[in-house]
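Asks: Just passing along the structure, written as structure tokens.
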Amino acid sequence: MSEKNEGKRTARERLAQERERQRAHDRRRRTMIVGAAVVCVLGLAAVIGVIAANTKGGSSGKKAAGPVMAPSGADGKDSLAIPVGASDAPSTLTVWEDFRCPACAAFETSFRPTIHELENSGQIRVQYHLATLIDRNLGGSGSLHAANAAGCAQDAGKFPEYHDVLYMNQPQETDDAYAKNAKLIELAGKVPGLDTAGFRACVEDGRHNSWVAKSNDAFQNGGFNGTPTVQLNGESVFPQKGSEQITPANLKKWVTEANKGKQPGKPTPGAASASTGSASPAPGSADGRGGPAPTHPGAAGKPSAPTGGQTGMKAKKHPSTAGAVPVPAAS
């Protein structure tokens, strides 16, 4: 082969090698570009996720965000009950309530003195469970915020008094006044020694919001018809026990029967105190003639029908349900 032909072959080989190097370079460049694009997309997704999480946390997500922090002394399954009364009382009264529920306020107005009497004499221990049905049915956050504030009062050893104050000052059901922490803190002023920096911080931070949400989930999963739900030693007694309608006298009788032959408990001094504050009875409260208050229907429950002892009751369309619910007539 001539030197001329040899030179041409060598030049072609060099050209081919150069082209191969260029193609390899182009492949590496494309790979880097695609990789960088993927990283950018993932980074953008992460940023969007953080923004979404923060946005959610700043609105409704904040209500139930964070770890579940039960109030001090809470007991029962998953520490979802706030106990009042002697720990060794022979009987337990379980009460499920919503601080925005007018039927709960009516129950409290009619039975508060009797329940406190039974607590103070060591006959019963009451376990309060808090629900947020009205927030779900009517919208708002007053049930949640009031329940959180009640948990904060429990931390301060003032739950019974503050519980009563909230019901004695309950706004109209459609008025979401308890959504305002300032209102809840204002009402704390009616309980001596409760309005402290620690209580205010607990209320403002929503320290027990997740605990309240878990309590409401337990209510929803419990198969209950509505609030208030009242049980004596696990047996429903509201609006009646068997064929007997609940009244203060009957509640005492049922507790006496349940406690027959048993020693009363020893309540901690001040554990179950009389209600405080000078508020007027809540709008829509019972008239005090001994009849039971109506049950506020739950999300999947049905309203209780009026019974013969419900004096002053009339059927009225309830704003949070599709049916007619009996409510106390205006006095």
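The values are calculated or read from the model by the stated rules, or taken from the named source; none is laboratory data. The structure presented is a predicted model; accordingly, all values stated were derived computationally and were not measured. So basically every Cβ, Gly included, is an ideal-geometry build from the backbone, and we count neighbours across all protein chains shown. Surface areas here come from the heavy atoms of the whole protein model, side chains and all, with no ligands, DNA or RNA. Shrake-Rupley method; radii C 1.70, N 1.55, O 1.52, S 1.80 Å.
Asks: For GLU235 and ASP175, compute 0.36 nm times the residue count separating them, minus their Cα-Cα distance, and round to one decimal in nm.
Replies: So the chain would gain 18.3 nm between GLU235 and ASP175.
Asks: Using a 1.4 Å probe and ignoring any ligands, DNA or RNA, find the accessible area of LYS180 and quote it in Å² to the nearest 10.
Replies: 130 Å²
Asks: If I model a spin label as a point 7 Å beyond the Cα along the Cα-Cβ vector, how far apart are those points for ASP75 and ASP88 in nm?
Replies: That separation, rounded to one decimal, is 1.2 nm.
Asks: Using modelled backbone amide H atoms (1.01 Å from N, in-plane), which distant-in-sequence or interchain residues come within less than 5 Å of THR229's amide H?
Replies: TRP96
Asks: Which entries in LYS190/LYS241; LYS183/LYS252; LYS77/LYS253; LYS190/LYS266; LYS158/LYS252; LYS190/LYS253 show an alpha-carbon gap greater than 31 Å?
Replies: The pairs that break the limit, which is 31 Å between Cα atoms, are LYS190/LYS241; LYS183/LYS252; LYS190/LYS253.
Asks: Using unit Cβ charges (K, R positive; D, E negative) and no other charged atoms, how large, in debye to the nearest 20, is the dipole of region 87-182 about its Cα centre?
Replies: 100 debye
Asks: Karplus couplings for region 241-249 from phi (6.51 cos²θ - 1.76 cosθ + 1.60, θ = phi - 60°), rounded to Hz, Gly and Pro as x?
Replies: Whole-Hz 3J(HN,Hα) from phi for region 241-249: 10, x, 9, 9, 6, 6, 9, x, 5.
Asks: In square nanometres and to one decimal, what's the mean projected area of the convex hull around the Cα atoms of region 128-167?
Replies: Over every viewing direction, the Cα hull of region 128-167 projects on average to 2.7 nm².
Asks: Please say if region 63-181 is rounded, prolate or oblate, where rounded means a/c under 1.5 for a ≥ b ≥ c the square roots of the C-alpha gyration tensor eigenvalues, and otherwise the choice is prolate for a/b larger than b/c and oblate otherwise?
Replies: oblate
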